[in-house]
Every structure is written in structure tokens, then in C-alpha cells.
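Accompanying notes for the structure given below.
The values are calculated or read from the model by the stated rules, or taken from the named source; none is laboratory data. These numbers were taken from a predicted model, which means no experiment stands behind them. Here the Cβ positions follow ideal geometry from the backbone for every residue, glycine too, while neighbour counts run over all protein chains shown.
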Amino acid sequence: MLARCRFLAANALRPSIRTITCRASDFYTDPSKNQELGVSTSPDISPKQREILDRALRVDQAGEIAANWIYRGQFAVLGRDPRVGPLIQEMWDQEKLHLEVMDKLQLQHEVRPTLLSDVAKVTGYALGAATALMGKEAAMACTEAVETVIGEHYDDKFSQLKDFELLPSSHPSIPLLRDVIKEFRDDELEHLDIAVEHHSQRAPAHALLSAVVAGGCKVAIELCKRF
Amino acid sequence: MTATSAKLLKLALPLVKAHGFTREALSLSALSLPTPLANPLPDASVTALFGPGNDACRTLVHAWLDDSRRRMKEEATEKMGMGDVLKARLKSNEPVLEHLPEAFALLASSPLLPLPLLPVDPAPIIKHAAQVSNQACWIARSDAQESSWYTRRATISAIYLAAELHQLTSPKTAPAFLDSLLENAEHAGKALDETALFASYVWKSWRGIVRSSGVLV
């Protein structure tokens, strides 16, 4: 699918553009691709497979909601900082895009969203604001911990393929979903790199802070799978 | 549920109109098979395939409810609003209307519940209303997200249950009753939204006052 994108893009009218890489999430954000089968229909799968898909998308959507609100909380405190403010804004914008795609995936596959979305919002905001009040490095450390857990979570889903192997690749939405997860994993790991570059390791009690935040994220993931 | 019993259940559904949600309907379903049997199924076979006593009737009720949900999805067209979807579902009740009170009584008298606690079990009926409202919300694409997803479904399931109960006693006025309920719910929803908006104005103005008073600096 990505090869087809590049092929089409390469044959575009303006010859001055040499290569345009087509992101998998463009299928969800570009309104002209609304009617494609991979974006508008859900595969006909067994109840067990449906349950797996359901849980996966529910947790991912909850994670993106929480990430959005964590950045919102951090921005509320550190938004005016000349060095860190634009950085947080940029990472937050990417998370907004992720959430938009996740919302569309949820509607496409008729997945029940998590009951805990309000809890995710409140705790995310509180976590973001609290770590931002502790300092710039602490905010970066919080980002580092959260993005580590989320990156690992997406990576497990994608590389182990324990769950996704059970889903049939015959319907175009499943390979598209794999590509989207891969793209989001790469984005989250990029955020992790940015956080480390900006001295997250210098945060006070870095090990303790990371452990607490990472532990909280793992508990949240387990809860959102069920609720 | 074996393939045979699933097939027989499917064939028993058109017989519900004439025979009700009974073991008789299940045993007569064998006569509708592609290679029909000479006689209807004996009682022992019905017990073996579908369960003893009222369990078999309950299986038939569940199958009928699942089938009407499936038909809801299949017969849905693009332009249907929430009211149209629910009215279509109520309409599919009409052929078996006289047997429905018995069906609900069967659902409510589940043998699993210990009698001293509660004589009737409301859970299967609430589950039925929740499933209908879930299907209706997906068909009508009511764009509710996150927490409002749940409140919308709860409201629609309550409205649907009330309309269905109304239909059992007075089938002719049920669609109008459904419309009035949906309208009331919409009014209530709008009232809540406007209250929330006003409350946000009040909150913002107080926040501005506190900031400008210099207390926080």
C-alpha cells in the first residue's frame, strides 16, 4: 500500500518534488480517502478475533487521550518557556493527530470506547501539570517514562504479532492498522528521544519518578483493556 | 450450539407467529428442513438439542431477539435517523406481538436466580434493550464520543424499553409515543448543554476576576 502511495506521488503533476513519503495515517486524515474499503469498513471476523481487535483499539484510544491531556497539563505550566514550550506544543500536536486517527479507527471497527476516558483525562492533566511544576527536566522525565511504556506497548503489538497474527490480512483494514501502529510507535519513540535529548535524565529522583509513572501507565493499560 | 440446532432454531423463527415461543415451534421446525422429516421432533430430541423445560423456550426467545437485531442492521438505509431505526425495530415486533409478554416473562424467570432474593431477574431484559440501543446507535451514527457514548446508549435503551412496553398494550400509538420520548430526551439534552455552557461562562468570569485581582502573582 505504501509502495502504491509512493508510485502515485512520484507520478504527480509537479516534477520538482522528488519523493513524497505517504504516511499510513494519511488514509484517515485525508478526507479524499474517506470511501476506501480499508478506511470505511470492518472485516468479518470471529467473536474471539473481534474481542482482540476491540481491546487493542480501546487501549490505544485511551492511551492517546491520556497522552493528549498529559501534554495539555505540561503546556499549561511550561507553555511560556522559550526552550521547552514549543517542544511540548509540537509533541502535543502529533498526539492530537494520533487521537484523531484513533477516533476514526474506533468508529470504523465499531469498538466500545473505554469507560475510563474521563479518569484518563483528569489523571493525565494532573500528571502533566505536577511534573511540569517540578521543573523542565521532570516534565521531560515524565514524557520519557510515558513514551517508553507506550512505545513498548505498540512494539509488542507489532513485532510479537501474537494478537495481530490471529487477524486476517485479507481485508485491507488490517494491514493498514498494522502500518498505522508502526507509524505511531515510531512517533512515540521519537518523542522519547526528544525527551532524553532535553535532559530528562537530569530530573530530580529520575529513577523513582520514571518507575512511578511507568507503573501507573501499565496499570492504566490493564484497566482500559477491560473497562 | 451445534450446526444442526442452529439451523433448526433459524427454521423455528417463522413458526413463532403461529405457535408462540414454545417447544412446539421448535419441534415443528424439523418439518421445514430442506429434506423434511416425516414427523415433528419428539420432546426428548427438543430437550437434547435445546435444553429441558423452559430453557428451550428461552433459547428460542434469544434467537428471535438476535435475528431481529440482525434484520435491523440489514434493513438499515443511509438516511435513517434514530427515530426511524427504532420504529423499524418496533415494527418487526408486530407479527409476534401477542407472544411477546410471555417471551419477556420467560426471560425474567431465569432459573439461575435464587428465589428468596428477587422473584424476577431484570438483567436479560435490560441486556436486550442495551443491545438494541447499541445497534441503533451504530446504525444511526449518532456521533457521541467517550463518556457521552455511554450516556447516549443508556438514554436510548431506556426510551426503547418504555416504547416496547407501551407497544405491548397499545401497538397503534407506540410510534407516536416513541417520538414524544425522543423529543423529550432531546430537550433535556439541550437544557443540560446550555446549563453547562452557562456554568462555563460563570467559571471563566470568576477565573478572570481572581487573576486580575493580583492574588495569584
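Going by the structure shown, is A:Lys225 within 23 Å of A:Pro43 (Cβ to Cβ) and touching a Lys or Arg at 6+ places or on another chain (Cβ under 6 Å)?
Taking the combined requirement at face value, the residue satisfies it.
Within segment A:47-78, the residues that satisfy the criterion of being within 14 Å of chain B (Cβ to nearest Cβ), of a type outside the set (D, E, K, R) and out of contact with any Cys (no Cβ under 7 Å at 6 or more places or on another chain) are A:Pro47, A:Leu57, A:Gln61, A:Gly63, A:Ile65, A:Ala66, A:Asn68, A:Trp69, A:Ala76, A:Val77. A Cβ distance below 8 Å, combined with a sequence gap of six or more or placement on separate chains, defines the contacts here; from segment B:68-91, residues that are in the same structural domain as B:Pro171 (by TED's automatic domain parsing) reach residues that are in a loop (DSSP other than H, G, I, E, B) in the pairs B:Met82/B:Ser142; B:Val85/B:Ala76; B:Ala88/B:Glu75; B:Ala88/B:Ala76; B:Ala88/B:Met80.
From the list A:Thr123, A:Thr131, A:Thr143, which one is assigned to a helix (DSSP H, G or I), closer than 30 Å to B:Arg152 by Cα and polar (S, T, N, Q)?
Testing whether each residue is assigned to a helix (DSSP H, G or I), closer than 30 Å to B:Arg152 by Cα and polar (S, T, N, Q) leaves just A:Thr123.
The set of residues from segment A:105-120 being in contact (Cβ under 8 Å) with a residue 24 or more places away in the chain, within 14 Å of A:Leu223 (Cβ to Cβ) and over 17 Å from the mean Cα position of the chain (by Cα) comprises A:Leu115, A:Leu116. Flag: B:Thr169 does not match the condition of being modelled with pLDDT under 95 and within 14 Å of chain A (Cβ to nearest Cβ).
As a summary of the residue check, A:Gly128 satisfies the conditions (1) more than 14 Å from chain B (Cβ to nearest Cβ); (2) surrounded by fewer than 22 Cβ atoms within 10 Å (Cβ to Cβ) except for the one numbered (2). For segment B:123-145, does any single residue satisfy the condition of being surrounded by fewer than 16 Cβ atoms within 10 Å (Cβ to Cβ), free of Cβ contacts under 8 Å to residues at least 24 places away in the same chain and away from every other protein chain (no Cβ under 14 Å)? The answer is yes, given that some residue of segment B:123-145 is surrounded by fewer than 16 Cβ atoms within 10 Å (Cβ to Cβ), free of Cβ contacts under 8 Å to residues at least 24 places away in the same chain and away from every other protein chain (no Cβ under 14 Å). Comparison of A:Leu99, A:Leu192 shows that the only residue that is in contact with a helix residue (DSSP H, G or I) (Cβ under 6 Å, 6 or more places away or on another chain) and within 14 Å of another protein chain (Cβ to nearest Cβ) is A:Leu99. The single condition from (1) within 14 Å of chain A (Cβ to nearest Cβ); (2) among the hydrophobic types (A, V, I, L, M, F, W, C); (3) in contact with a Lys or Arg (Cβ under 8 Å, 6 or more places away or on another chain) that B:Leu178 fails is (1).
Report yes if some residue within segment B:152-162 is within 11 Å of chain A (Cβ to nearest Cβ), on the phi > 0 side of the Ramachandran plot and among the basic types (Lys, Arg); otherwise report no.
Within segment B:152-162, the first condition is being within 11 Å of chain A (Cβ to nearest Cβ), and the residues that meet it are B:153.
Subset that is on the phi > 0 side of the Ramachandran plot: none.
Within segment B:152-162, none of the residues are within 11 Å of chain A (Cβ to nearest Cβ), on the phi > 0 side of the Ramachandran plot and among the basic types (Lys, Arg).
Cβ-Cβ distances below 7 Å connect the following pairs, each with a first residue in segment A:65-90 that is among the hydroxyl-bearing types (Ser, Thr, Tyr), a second residue that is assigned to a helix (DSSP H, G or I), and a separation of six or more residues or different chains: A:Tyr71/A:Ile88; A:Tyr71/A:Met91; A:Tyr71/A:Trp92; A:Tyr71/A:Glu95; A:Tyr71/A:Gly128.
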